[in-house]
1. Only residues that are closer than 29 Å to Val192 by Cα and modelled with pLDDT of 90 or more: list them for segment 214-230, please.
2. Among Phe171, Phe225, which is the only one that is in a helix (DSSP H, G or I) and under 17 Å from the mean Cα position of the chain (by Cα)?
3. From the set of residues in segment 213-237 that are of a type in the set (A, V, I, L, M) and without any contact (Cβ under 8 Å) to a residue 40 or more places away in the chain, which is surrounded by the most Cβ atoms within 10 Å (Cβ to Cβ)?
4. So which residues in segment 174-204 are crowded, with 17+ Cβ neighbours inside 10 Å, among the small types (Gly, Ala, Ser) and more than 13 Å from the ligand (Cβ to nearest atom), if there are any at all?
Amino acid sequence: MATAEQQQNDSVEKNEGQSRHQEVGHKSLLQSDALYQYILETSHPWNIMTTSADEGQFLNLLLKLIGARKTIEIGYSPGIPCSPPRLPSPTTARYALSDRIRSNSPPLPLFRGSSPILAMDINRENFEIGLPVMEKAGVAHKVDFREGPGLPLLDQLLEHEKNLGSFDFAFVDADKDNYINYHKRLIELVKVGGVIGYDNTLWNGSVVAPPDAPMRKYVRYYRDFVLELNKALAPTPASRSASSPLATASHSAPHHLKMMMMTTRKK
Ligand SMILES: C[S@@+](CC[C@H](N)C(=O)[O-])C[C@H]1O[C@@H](n2cnc3c(N)ncnc32)[C@H](O)[C@@H]1O
């Protein structure tokens, strides 16, 4: 006979195919579930991959505050475009670009001199979903897309002295089992005073769940890697870090964002 725990696990697995949107709730500032659902249904199905509107707005502001010019994102996905451009843009190149998308106005002066965001993703198709919207908004030239796994691409950057300590901002939102490996490389690439952001650092709340708690397979698989990263992000003499429960809506912080600022190169 199945134990209560097995039954719970079975039920978690049975629901695996159900809409993850329903499971995590809407992750935006929109007040109406119906409106959110409408946007999802009339947007691309990969919308679930994109960062939420409130997180996007926060990053956008942060990037302005630190005057970021050289930025990098690992796990770029469709970039800007899953939602209609007139709505708050929930996604990636949002930092430098979403103002332009929303208002159809020229980029803010702060970003006129900025380099294109170095956008890495193993999946070109994901990137291409967003391309037409980026083109329409006149910002496609602000995205330097590099297809491939993030680690070797970062290693290539590290081979050139001029890249060390040269990035103002990095955002990591790709394979969680490599978060710690991205971190080791990014602390060499991001400048003192620069910021590194990691998405999903509470990993659906699993970081505080008992190890034997029922959870989806993918949540369980990545949990220990996220825990390892969180330990590495604890403040040190070389860095400061802060977490923000952005995009949590009323749910268990599935998209918690953790930021780390480099304060010195000494480790
Ligand atoms: C959650 S989505 C990124 C969402 C995006 N940051 C946003 O806010 O719109 C994760 C992306 O990481 C990409 N990815 C997964 N493993 C990767 C790897 N090893 N290197 C680079 N990209 C990877 C996937 O193809 C996917 O497009």
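The values are calculated or read from the model by the stated rules, or taken from the named source; none is laboratory data. Being a predicted model, the structure only gives us computed values, none of them experimental. Cβ sites come from the backbone with ideal geometry, for glycine too, and all protein chains shown count toward neighbours.
1. To start, the set of residues in segment 214-230 that are closer than 29 Å to Val192 by Cα comprises 224-230.
The answer is Asp224, Phe225, Val226, Leu227, Glu228, Leu229.
2. Details: Phe171 fails: in a helix (DSSP H, G or I).
On inspection, the qualifying residue turns out to be Phe225.
3. Looking at residues that are of a type in the set (A, V, I, L, M) and without any contact (Cβ under 8 Å) to a residue 40 or more places away in the chain, I get Val219.
4. If the condition is that a residue be crowded, with 17+ Cβ neighbours inside 10 Å, among the small types (Gly, Ala, Ser) and more than 13 Å from the ligand (Cβ to nearest atom), then Gly194 is the only one that fits.
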